[in-house]
Every structure is written in C-alpha cells, then in structure tokens.
Amino acid sequence: MSLILETQDLVKTYGSFQAVKGMSLRVEQGAIYGFVGPNGAGKTTTMRIITTLLEQTSGEAYVGGHSVRTAADDVRRLIGYMPDFFGVYDDMTVWEYLDFFAACYKVADGQRRRLIDDLLELVDLGHKRDVQVDTLSRGMKQRLCLARTLAHDPQVLILDEPASGLDPRARVEIRELLVELSRMGKTVFFSTHILADVAEICTHIGIVESGRLVAQGSMAEMQRQLRPHRMLQIQLLNQPDVLTQAQSALFGRAGVLAIRPLEDEGGPPTLEVDYGGDDAGVAGLLGQLVARGLPVLHFSETRQELEDVFMQITNGVKPS
C-alpha cells in the first residue's frame, strides 16, 4: 500500500518546552491507525500540525504527498478533521447544521440535499434530521460531528479522541462507524486513550510518549518485536507423572526455548512453552505429545494483549 500520511522528524516547541520531539509517522492508505498515548504525550499537537491548524517548529508533514507547510489548501481538501472539543450551533436543526457546513465546503445547492440525506443515513441520524442540535445526546452529537467532517468527501479522517466521554454503547457505535468508513475506502487516523477501542478495530497503531513516537506498526509486528518467540500453553488430563512425561516429550525439540509448569491449584496440569519455530513446528509439538499417548486437553498460543504491549513500550505509563 502507498503512504497517505507521513511526518518526518516533526518538532514543535513552545519556548523552552518541546511538545513534539522528532515525530515520524507513516500511515498507509486505507488503514485504521490508532494514535495512542497518555495525556500530554503530544498527540493533539501532532494532529493540529497535520491538519494545518498549527505550524511546526521544524520537520515536515505530508498528506497525499502535499506538504502541510507549503500546500495547506491541498491538504485541507484531502482531510476531514474532528477535534476533541467541537462546537454545535444550538439554534440549528441537524439538517441545517450539515447544510451549513456543506455550503462552507462549497458543495453546490443542488447536491447538498442528497448529500445530507446520505450522511444522516451513514451515521444513523436520519430520524433526527429536524431535531434541534442542542437536544441531542453526546453520542449523537459525536456522530453528527463525524458526518460534518465527511461533507466534502475527504480521503483521510483525522479524529481527536472520537469516543471520549461516551457511554459503552455509544463507543461501540462509533467504532462500528469507523470500520464502515474504512470499508468505504477512507483512511482513519484517530487518537485515543481507550486501548480496547484500538485493539478492536485498528489495522495499525502508533504509541507516543513524551512527544516521541516509541513504536508503530501492525499489532502483529509489534508483538513480534517485543516477544520474538511464541508462548504456547498446554493443558493435560490429571494423571500420574503427566507433566514429567510431557516435558520429556518436548525437551530438546527444535525451537523449544524453555518449558515451565504452571501452578494452578485445582486446575489441570499445565505447561507453558517458549517456542521459536513456525506454525508447522507448533503442529509438530502437538503431534509429538499425541504420539506419546499423552492426554492433551487444550493446546493454544497465548496472545499478548495491547495493554501489555503498551505497558512494556512505555515503561508502565498507562494512557489516562
């Protein structure tokens, strides 16, 4: 895939304080990219530079190959930006609100009615088209603001904390909407401190701390970087010497780095195996146990959760 958004050694300073320190992001076209970090890590500052709202101190940022410094108008045509705090006009209906912004984007009068109907259907607000904006719930206002960012059909959506302050149901709705937008060919770049949202929908993530990008890539890539070997868990039927027999069957096999019995009082006898081989090798380990007549109840590879990845990369600094 080609890059649609990129920053190169991006720096932003305020006096003696450096908010962004050499940020180099790479976002592929069509990705859902989660930009994750604690409060004050530099996420919003970076996004404001990308959206041409703030000028960088040094470095460069590109959207669709256009520089945010020298081709701001071209960048703005390509992006839809949803800030973390957005305003709505209380004396407007939902339909009027979208019509106003579509006009600001210079959408022709004859096209706006159909466009607005399509946007309301996309964000599931068609039944609220004639309702005053200030009577909407926070979740509905969030979806309305997202519809607003789509009025000019941007290629890239840049969303600052789109699920912030929402109840669990509204968060799920926003997540589903972002996935749907990705299916429509949009690139979605969003910041968040809610790790579950990232784990559920993102194709790629970037982790930022103290103004620096400390890791980025797909979840699988980061898991491989942090845990280059695989962790297998094998549960066996409780019978005499079963753990000893299983360890004997696996000891010395190619790729087996370590074997540890796990203590779980009352649970089945369990081994944890550090393994450095491929899928065929994993299948071979299971076959070896079965060939020895050992009663395997459960054989699986444990996955590193996103929170584990985040905590390891940031030395235990949780997003907040």
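Summary table
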item	result
Residue in region 36-47 that is at pLDDT below 95, in a strand (DSSP E or B) and not basic (Lys, Arg) present	yes
Qualifying residues in region 132-151 (those that are in contact with a Gly (Cβ under 7 Å, 6 or more places away or on another chain) and of a type outside the set (Ser, Thr, Tyr)) - the one modelled with the highest pLDDT	Leu150
Residue among Ser210, Ser191 that is of a type in the set (S, T, N, Q), over 12 Å from the mean Cα position of the chain (by Cα) and at pLDDT 90 or above	Ser210
Residues being in contact with a Lys or Arg (Cβ under 8 Å, 6 or more places away or on another chain) and either within 18 Å of Ser2 (Cβ to Cβ) or in contact (Cβ under 8 Å) with a residue 60 or more places away in the chain (or both) - total across region 195-206	2
Selection count where residues are touching a Phe, Trp or Tyr at 6+ places or on another chain (Cβ under 9 Å) and open to solvent by less than 10 Å² (accessible area, probe 1.4 Å), scope region 40-50	3
Qualifying residues in region 102-130 (those that are among the acidic types (Asp, Glu) and not in a loop (DSSP other than H, G, I, E, B)) - the one most open to solvent (accessible area, probe 1.4 Å)	Glu121
Residues of region 2-34 that turn out to be at positive phi and not in a strand (DSSP E or B), as a count	2
Residue count, region 248-275 (criterion: more than 33 Å from the chain's Cα centre (by Cα), assigned to a loop (DSSP other than H, G, I, E, B) and farther than 18 Å from Leu237 by Cβ)	4
Qualifying residue in region 110-123 (condition: without any contact (Cβ under 8 Å) to a residue 12 or more places away in the chain, over 24 Å from Glu180 (Cα atoms) and out of contact with any strand residue (DSSP E or B) (no Cβ under 7 Å at 6 or more places or on another chain))	yes
Residue in region 200-219 that is nearest to Leu178 (Cα to Cα), counting only those that are β-branched (Val, Ile, Thr) and touching a strand residue (DSSP E or B) at 6+ places or on another chain (Cβ under 6 Å)	Ile201
The lone exception for Leu53 - which of (1) modelled with pLDDT of 95 or more; (2) open to solvent by less than 60 Å² (accessible area, probe 1.4 Å); (3) under 27 Å from the mean Cα position of the chain (by Cα) it fails	(2)
Any hit, region 280-295, residues being open to solvent by less than 70 Å² (accessible area, probe 1.4 Å), modelled with pLDDT under 90 and touching an Asp or Glu at 6+ places or on another chain (Cβ under 9 Å)	no
Residue within region 276-283 that is assigned to a helix (DSSP H, G or I) and of a type outside the set (A, V, I, L, M, F, W, C) present	yes
Test: residue in region 67-85 that is at pLDDT below 95, in a loop (DSSP other than H, G, I, E, B) and among the aliphatic types (A, V, I, L, M)	no
Pairs with Cβ under 8 Å, 6+ apart, first in region 252-264 and at negative phi, second in a loop (DSSP other than H, G, I, E, B) and modelled with pLDDT of 90 or more	Ile259/Phe251; Pro261/Pro269
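Table: residues versus (1) within 24 Å of the chain's Cα centre (by Cα); (2) open to solvent by 10 Å² or more (accessible area, probe 1.4 Å); (3) touching a residue at least 12 places away in the same chain (Cβ under 8 Å).
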position	(1), (2), (3)
Met23	yes, no, yes
Arg26	yes, yes, yes
Pro38	yes, yes, yes
Gly64	yes, yes, yes
Phe100	no, yes, no
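The values are calculated or read from the model by the stated rules, or taken from the named source; none is laboratory data. Values in this document were obtained by computation on a predicted structure and should not be read as measured data. Cβ coordinates were reconstructed from backbone atoms using ideal geometry, including for glycine residues, and neighbour counts include every protein chain displayed. Just the protein is used for accessible areas: all its heavy atoms, side chains included, with ligands, DNA and RNA removed. Shrake-Rupley method; radii C 1.70, N 1.55, O 1.52, S 1.80 Å.
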